[in-house]
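Down below is the structure, laid out as structure tokens.
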Amino acid sequence: MATLIHTLADHSDDVNCCAFSSSCLATCSLDKTIRVYSLSNFTELPYSPLEGHAYAVHCCCFSPSGRVLASCSTDGTTALWDTRDGRRLAVLEQPGASPVRVCRFSPEATYLLAGAADGSVVLWNVQSLKLYRSGSVKGGSLMACAFSPNGNFFVTGSSSGDLTIWDDKMRCLCNEKAHDLGVTCCDISSHPVSDSENGFKYFQMASCGQDNHVKLWLILFADFLGVELKYKCTLNGHSAPVLACAFSCDGQMIVSGSVDKCVIIYETSTGNTLHTLSQHTRYVTTCAFAPRSPLLATGSMDKTVHIWQLDLKQPSAGHTVENDSKVAVEDWSEDDVSAWLCAQDLADFVGLFKMNNIDGKELLNLTKESLANELKIESLGRRNKVLQKIEELRMTTISVSVPVPDEFLCPITRELMNDPVIATDGYSYEREAMENWISNRRSSPMTNLPLHSLMLTPNRTLKMAISRWLETQQK
């Protein structure tokens, strides 16, 4: 089930793109601005909107850490912003000054890719802010791009209908005619899938285009074998050009948005339609899943961004080790841990973890200190990546094994309430979340109607019910 929980209507023109970090949502528009919102209560951050582009902003994306936001524009530039205070860190000018249509950070934030209307493709070195490599596609504008999970390859899509795979030296490795009337968007899942023909690990890519189709592909990224692109299937359902597509962070769902004003969520493994959302009143131009929470954002030419809460008790896209319960994770063997490392693109740690006899229980107990002192992982970036994946595993296993009753979740944060209070709209909220909400506006988060009073009354009955429920989970 997908429930519309909030609508952002601050842009004064078409919304072109939306992007999540772990704590923020960024949106950009034809109105030349980028707006940044907190995921805790969907209020706009104090430094928002970000202004500086001379013309429409076509795309925005966060760096993997979430500390830098990139935006690109018709003005021929890609700008970098500090997400802590909104400072503009750099303005990168596209060679030829052509309108920049799309931008994307590599997974390790080494590069920033920018693609333009004249077909130019540029890799910027994020540290030096210097141009690292450049190339171009023939006969079309760059409309889409996505990096491989290891960052050594990337895919571009053009208005000529081609998907092109490049390596990080800007060498063209593969080219495929994918959508007859032009590619509009593409995305690559970070979760590998096995191919029964040869046993290699392939990654799934989704592409969409002016031909009304969403297509699924299998890509083999291997430095020693090169790359291979294989068509898998076509997902039907839209009756007009499809402008956006994206994988969920676990790779189990794909979302697409279309000129037909609809958003469709598919199950990746079967291609079945899980939901069709039709609340937008004009073309749906962008869609994105949040990385660490069951949220989906969709943006439209109706100037709005809808935030959806997803019920993750969907039909699964196939069993994976990270979907087991917490007890099962604690019982993982060393081989199970190795399989999980490979699924998280951490295969180079398999030998180290096996040498230290890391099983499921040991995995869940790993800390920053043990990774540095006991496993001797010297790189801070690599340690942080491992810790992030372990934390995601902990959160996933807890949420699967202990489903929280919906009435115990704060409607604003969608987290278990610790200090529930009743507002004058009759709904209960976490005190801190509601206090933050009413400090910025005087409307109900649930109904959007004005609140007659800002009084918050402790909901002791609900707090006792939550306490009793927590006690039963600890037995």
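The values are calculated or read from the model by the stated rules, or taken from the named source; none is laboratory data. In this text, all values refer to a predicted model and were calculated from it rather than measured experimentally. As a convention, Cβ positions derive from the backbone with ideal geometry for all residues, glycine included, and neighbour counts pool all protein chains shown. Note: areas computed on protein heavy atoms with side chains; ligands, DNA, RNA excluded. Shrake-Rupley method; radii C 1.70, N 1.55, O 1.52, S 1.80 Å.
3J(HN,Hα) along segment 234-247: 10, 9, 9, x, 8, 10, 8, x, 9, 9, 8, 8, 7, 8 Hz, from the Karplus curve 6.51 cos²θ - 1.76 cosθ + 1.60 with θ = phi - 60°, whole Hz, x for Gly and Pro. The order of 35, 282, 442 by accessible area, most exposed first and with a 1.4 Å probe, is 442, 282, 35. The candidates 406, 180, arranged from most to least accessible area with a 1.4 Å probe in the full protein assembly, appear as 180, 406.
Qualifying GluC sites (Glu not before Pro) in segment 33-99, where qualification requires a DSSP coil assignment and no more than 13 other C-beta atoms within 10 Å, comprise 51. Amide H to amide H distances under 5 Å link residue 73 with 58, 100, where only residues 5 or more positions off or on other chains count and H is placed in the peptide plane.
Under a 5 Å amide H cut-off, with hydrogens placed 1.01 Å from N, residue 235 pairs with 214, 215, 216 among residues at least 5 apart or on other chains. Shown is the FRET efficiency for residue 90 and residue 38, computed with R0 = 30 Å from the Cβ-Cβ distance and rounded to the nearest 0.05: 0.75. In a reduced charge model with +1 at each Lys and Arg Cβ and -1 at each Asp and Glu Cβ, the chain shows a dipole moment near 720 debye about its Cα centre. Rolling a 1.4 Å probe across all protein chains gives residue 61 an accessible area of roughly 10 Å². In this rough spin-label picture, where each label sits 7 Å from Cα along the Cβ direction, the residue 449-residue 384 distance is 4.6 nm. About the centre of its Cα atoms, segment 421-475 shows a dipole size close to 120 debye [charges on the beta carbon of Lys, Arg (+1) and Asp, Glu (-1) only; nearest 20 debye].
At full extension, residue 376 and residue 177 could sit 67.0 nm farther apart than now, given 0.36 nm per residue minus the alpha carbon distance. Name the residue farthest towards the positive end of the dipole of the chain from the options 298, 410, 453, assuming +1 on Cβ of Lys and Arg, -1 on Cβ of Asp and Glu, about the Cα centre. Sorting the options by dipole projection puts first 453. Over the residues of the chain, the helix contribution to mean residue ellipticity at 222 nm works out to -5000 deg cm²/dmol, using -39500 (n - 2.57) for each DSSP H run of at least 4. Amide H contacts of residue 32: 57, each under 5 Å away and 5 or more positions distant or on a separate chain (H built 1.01 Å from N in the peptide plane; Pro and chain starts excluded). Here the spin labels are modelled as points 7 Å beyond Cα on the Cα-Cβ line, and at residue 272 and residue 333 they lie 3.2 nm apart. Protection proxy ranking, highest mean first, for peptides 353-360, 152-159, 76-83: 152-159, 76-83, 353-360, where packing is the per-residue count of other beta-carbon atoms within 10 Å, averaged.
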